[in-house]
Amino acid sequence: MRASSEYIIFPKTHDLVLWLMQTTQHFPRSQRFVMAKRVQDAALDFHDTLIAARKAPAAERERALLRADVALETLRLHLRLCQELHLLTGPQYSHVSALVVEVGKLLGAWRQGKGRRPEVQDHQVTAT
């Protein structure tokens, strides 16, 4: 199987969503139903838009990838706010920022090669 950006964006996104779901559970109680929920929803929405893009007919894929890009930007802004509110430590924010940047680059590469449909591959989730 070819190791292109379209193929590896799914396990990388899975790792990002998993890390966020685990980390936001440790937000202070006052923020669990505000920022934690918003971050979790944004991450899951991004994941959902990627799946929709993978399944979309070629004629609709560009629009689906744009929706994924918007969803990732929303997540990015929520994470910055979490860092500014001290809900994420410096090392946590650095880690998640690196994950978001990596996924963003993969999404950008997929958008540039719009016509291909990615395949799913099994992967091992890395512990952080």
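No value in this document is a laboratory result; all are computed from the given coordinates. Being a predicted model, the structure only gives us computed values, none of them experimental. As a convention, Cβ positions derive from the backbone with ideal geometry for all residues, glycine included, and neighbour counts pool all protein chains shown.
Before moving on, here are some points about what is shown:
- Rounded to the nearest 20, the size of the Cβ-charge dipole of the range 5-112 about its Cα centre is 140 debye, with Lys and Arg at +1 and Asp and Glu at -1.
- Take 16-25, 91-100, 29-38 and order them by the average number of nearby Cβ atoms within 10 Å per residue, most first; the result is 16-25, 91-100, 29-38.
- For the range 69-75, putting each phi into the Karplus relation 6.51 cos²θ - 1.76 cosθ + 1.60 with θ = phi - 60° gives couplings of 4, 5, 5, 5, 5, 4, 4 Hz, in residue order, rounded to whole numbers and with x for Gly and Pro.
- In this label model, Q22 and E73 are separated by 3.1 nm, measuring between points 7 Å along each Cα→Cβ vector.
- Over the range 1-107, relative contact order from alpha-carbon pairs under 8 Å, at least 6 apart, %: 33
- Placing unit charges on the Cβ atoms only, positive for Lys and Arg and negative for Asp and Glu, gives the range 63-117 a dipole magnitude near 460 debye about its Cα centre.
- The range 1-67: C-alpha gyration tensor shape, a/c 1.5 cut-off, then a/b vs b/c: oblate
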